[in-house]
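Colleague: Please find one structure pasted underneath; my questions will follow.
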C-alpha cells in the first residue's frame, strides 16, 4: 500500500484509548452530515453526532466503532476522536442495548403524555445511543 495514503486513527474516551490503528479512510457523521477523512487532510475539528464510525484499515478490513458524539480532530496526519463513550462491536452486549432501546421508548411515551420536554430530550438521546450500539454490531456482522 502507498504510504502516502495511510494515516493513524485514535479513539479516546475518559476511560482511555479505545482504538488505535493505521487507516486509509475514516467516515464519521458530523453535525453537518457524513464526511470522510483521508491521509493528509487539512487540519479540522468537527463535532460528531451519535453514530457508528467506519474505519477502512490498511489490510482491507472495514471496522466500526459506536461513538456517542464528541469531536474529530485531524492534524499532522493523525485523526483523533474524543467521545464520552465509544465501543467496539465485540464489547457491545446486544441484549442490554435492546433493553435500553425499549426502556428509552417507554420513557419517550411517558414524557409525551406528561408533556415533560426535558425528560423527552434525555430519553431521545438514550434511544439514539441504544440504536447506535445495535447498528454498530449489525454493521460488523454484514
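The values are calculated or read from the model by the stated rules, or taken from the named source; none is laboratory data. Fair warning: this is a prediction, and the values are worked out from it, not measured in the lab. Cβ placement follows ideal geometry from the backbone for every residue including glycine, while neighbour counts extend to all protein chains displayed.
Colleague: Just checking, does the range 65-85 include any residue being in a strand (DSSP E or B) and either touching a helix residue (DSSP H, G or I) at 6+ places or on another chain (Cβ under 6 Å) or over 23 Å from residue 30 (Cβ atoms) (or both)? Break it down stepwise before answering.
Modeller: Within the range 65-85, the subset in a strand (DSSP E or B) is 65-75, 78-82.
Next, from what is left, pick out any that are either touching a helix residue (DSSP H, G or I) at 6+ places or on another chain (Cβ under 6 Å) or over 23 Å from residue 30 (Cβ atoms) (or both): 66, 68.
Yes - at least one qualifying residue is present in the range 65-85.
Colleague: Could you run through the range 30-63 and say how many residues are loosely packed, with under 14 Cβ neighbours inside 10 Å and assigned to a loop (DSSP other than H, G, I, E, B)?
Modeller: Result for the range 30-63: 8.
Colleague: Would you call residue 69 on the phi > 0 side of the Ramachandran plot and within 10 Å of the chain's Cα centre (by Cα)?
Modeller: Values: on the phi > 0 side of the Ramachandran plot: yes; within 10 Å of the chain's Cα centre (by Cα): yes.
For residue 69, the condition - on the phi > 0 side of the Ramachandran plot and within 10 Å of the chain's Cα centre (by Cα) - is met.
Colleague: Now a separate question. Looking at 106, 102, which is the one that is more than 29 Å from residue 63 (Cα to Cα), out of contact with any helix residue (DSSP H, G or I) (no Cβ under 6 Å at 6 or more places or on another chain) and in a helix (DSSP H, G or I)?
Modeller: Working: 102 fails: more than 29 Å from residue 63 (Cα to Cα).
On inspection, the qualifying residue turns out to be 106.
Colleague: May I pose another question? Has the range 111-126 got at least one residue that is in a loop (DSSP other than H, G, I, E, B) and under 15 Å from the mean Cα position of the chain (by Cα)?
Modeller: Narrowing the range 111-126 to residues in a loop (DSSP other than H, G, I, E, B): 115-116.
Filter once more, keeping what is under 15 Å from the mean Cα position of the chain (by Cα): none.
No.
Here is a yes/no grid of residues against (1) at pLDDT 95 or above; (2) farther than 21 Å from residue 133 by Cβ:
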{"residue": "24", "(1), (2)": "yes, yes"}
{"residue": "44", "(1), (2)": "yes, yes"}
{"residue": "60", "(1), (2)": "no, yes"}
{"residue": "71", "(1), (2)": "yes, no"}
{"residue": "94", "(1), (2)": "yes, no"}
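Colleague: Within 19 Å of residue 137 (Cα to Cα) and touching a strand residue (DSSP E or B) at 6+ places or on another chain (Cβ under 9 Å): does that describe residue 50? Before the answer, list the steps.
Modeller: On the way: within 19 Å of residue 137 (Cα to Cα): yes; touching a strand residue (DSSP E or B) at 6+ places or on another chain (Cβ under 9 Å): yes.
When the stated conditions are applied, residue 50 passes them.
Colleague: Test residue 20 against the stated conditions and say whether it is in a strand (DSSP E or B) and exposed (fewer than 15 other Cβ atoms within 10 Å of the Cβ).
Modeller: Details: in a strand (DSSP E or B): yes; exposed (fewer than 15 other Cβ atoms within 10 Å of the Cβ): yes.
For residue 20, the condition - in a strand (DSSP E or B) and exposed (fewer than 15 other Cβ atoms within 10 Å of the Cβ) - is met.
Colleague: Is one or more of the residues making up the range 75-93 out of contact with any strand residue (DSSP E or B) (no Cβ under 7 Å at 6 or more places or on another chain), loosely packed, with under 13 Cβ neighbours inside 10 Å and farther than 23 Å from residue 9 by Cα?
Modeller: Within the range 75-93, one or more residues are out of contact with any strand residue (DSSP E or B) (no Cβ under 7 Å at 6 or more places or on another chain), loosely packed, with under 13 Cβ neighbours inside 10 Å and farther than 23 Å from residue 9 by Cα.
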